[in-house]
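Participant: The structure follows.
The values are calculated or read from the model by the stated rules, or taken from the named source; none is laboratory data. Here the structure is a predicted model, which is why all the values come from computation and not from measurement. Note that each Cβ is placed from the backbone with ideal geometry, even for glycine, and that neighbours are counted across all protein chains shown. Ligands, DNA and RNA are excluded from the accessible area calculation, which covers all protein heavy atoms including side chains. Shrake-Rupley method; radii C 1.70, N 1.55, O 1.52, S 1.80 Å.
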Amino acid sequence: INRILWAITGTVLVAVSCAKQGSITGGPKDVDPPVVVKTKPPEYSVNFIPEKKIVITFDEYIQANNIFQELIISPPLEGNLTTQIQGKNLIIQLPADELYDTATYTIDFGNSIEDVNEGNAIHDFRYVFSLKSYIDSLNVEGSLINAFDHKPDKERMLVMLYSNLNDSAPYLEKPSYISRSDESGNFSLHNIGEGKYRLFALKDANFNLIYDLATEPVAFYDSVIDLSAGRFHNNIVLDTITDNITDNISTEIDSITSDTAFREAGYFAGIDSLGKDSFQ
């Protein structure tokens, strides 16, 4: 019996001694943002029913950071989206009593979605769906600079397209499409429908998407932007144009690169500068 006890005790001592030789590390730091693994309904869904709940599932647990400041839906709605996070799921509910346009909608979360452990954000994350039988895919890109120092505004500005071509439109109504410039002054408006538009930028102090305060810096592009079907058989890049605007802000349109899918015409024109392949 004494021999058995000695053998067991010796084994325990050896095991404890071995455990003290080193420690287990957690491995390299996680620097990767969350990755979308599933969306319901699928992203780029057509014939979308607005009453549907949108669920976006990621590969890890997520959290929201400044989501109410970052989140934009284009075209804008009168009501507000509601968002909820459950573990790895981001749940989005559209306002039920909204009068929806027959358009392609883009829900842009900016940099608000990040992982729980390290705070790695998904940059320029967006979800796209269409109430029509196809996805609008015209894009407008450019940049904003201050007219005095020729530097971008790090606080960022709203960038807005109006199908109403009157100069008074920003005073009277919300835009047809909306986006936000980044800290470098660059902006992109995505999934725009065919038509003609005026382009404005605004630092919206009261968050109502209307230019109604004299203290709000504003900028505009002085030419009508023509996004008509006949213009997109080939890539389009406009020359750089800079305008000195009210409240010492200027808009600089580096380029307007556009593509579109016209089901009636039966073709899709892809723009290489946006990383899209051309195909029939």
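Participant: Can you give the net charge of the other residues whose Cβ lies under 10 Å from the Cβ of residue 103, counting K and R as +1 and D and E as -1? Walk me through the intermediate numbers first.
Facilitator: Values: positive: 132; negative: 101, 136.
It works out to a net charge of -1.
Participant: If the limit is 18 Å between Cα atoms, which of 174/196; 52/132; 132/174; 88/132; 38/88 go over it?
Facilitator: Distance filter (> 18 Å) returns 132/174; 88/132.
Participant: Could you tell me what % of all Cα pairs in segment 110-238 have separations over 20 Å? If you can, show how the numbers build up before the last one.
Facilitator: On the way: 4335 of 8256 pairs.
Counting every Cα pair in segment 110-238, those more than 20 Å apart make up 53 percent.
Participant: Once the Cβ-Cβ distance between residue 149 and residue 205 is put in as r, and R0 is 30 Å, what FRET efficiency do you end up with, to the nearest 0.05?
Facilitator: 0.90
Participant: Would you check the accessible area of residue 52, probe 1.4 Å, heavy atoms only, in square angstrom rounded to 10?
Facilitator: 80
Participant: Please give the length that would be gained between residue 134 and residue 215 if that part of the chain were fully extended, namely 0.36 nm times their separation in residues minus their C-alpha to C-alpha distance (nm, one decimal).
Facilitator: Working it through step by step, the gained length comes to 25.1 nm.
Participant: Counting only residues 5 or more places away or on other chains, whose amide H sits under 5 Å from the amide H of residue 126 once H atoms are built in the peptide plane?
Facilitator: Excluding prolines and chain starts, which carry no amide H, the hits are 109.
Participant: Can you give the FRET efficiency for residue 102 and residue 55, using 1/(1 + (r/R0)^6), R0 = 25 Å, r = Cβ-Cβ distance, to the nearest 0.05? Don't skip to the end; give the middle numbers.
Facilitator: On the way: r = 24 Å, r/R0 = 0.96.
Calculated value: 0.55.
Participant: Might you work out the accessible area of residue 136 for me, using a 1.4 Å probe with all protein chains in place, and round it to the nearest 10 Å²?
Facilitator: Residue 136 has an accessible surface of roughly 10 Å² with all protein chains in place.
Participant: Taking only Cα atoms of segment 93-179, what ratio of Rg to Rh do you get with Rh as the Kirkwood inverse-distance radius?
Facilitator: When Rh is taken as the Kirkwood radius, the ratio is 1.02.
Participant: Now, a different point. Quick one: ranking 132, 38 by accessible area, 1.4 Å probe, largest first, what do you get?
Facilitator: Sorted by accessible area, descending: 38, 132.
Participant: Once label points are set 7 Å from the Cα along Cα→Cβ at both residue 66 and residue 172, what is their separation, rounded to one decimal in nm?
Facilitator: 3.5
Participant: Answer with one residue from 65, 89, 79: the one whose Cα lies farthest towards the positive end of the charge dipole of segment 54-116, charges on Cβ with Lys, Arg +1 and Asp, Glu -1.
Facilitator: Projecting each Cα onto the dipole axis, the largest value belongs to 89.
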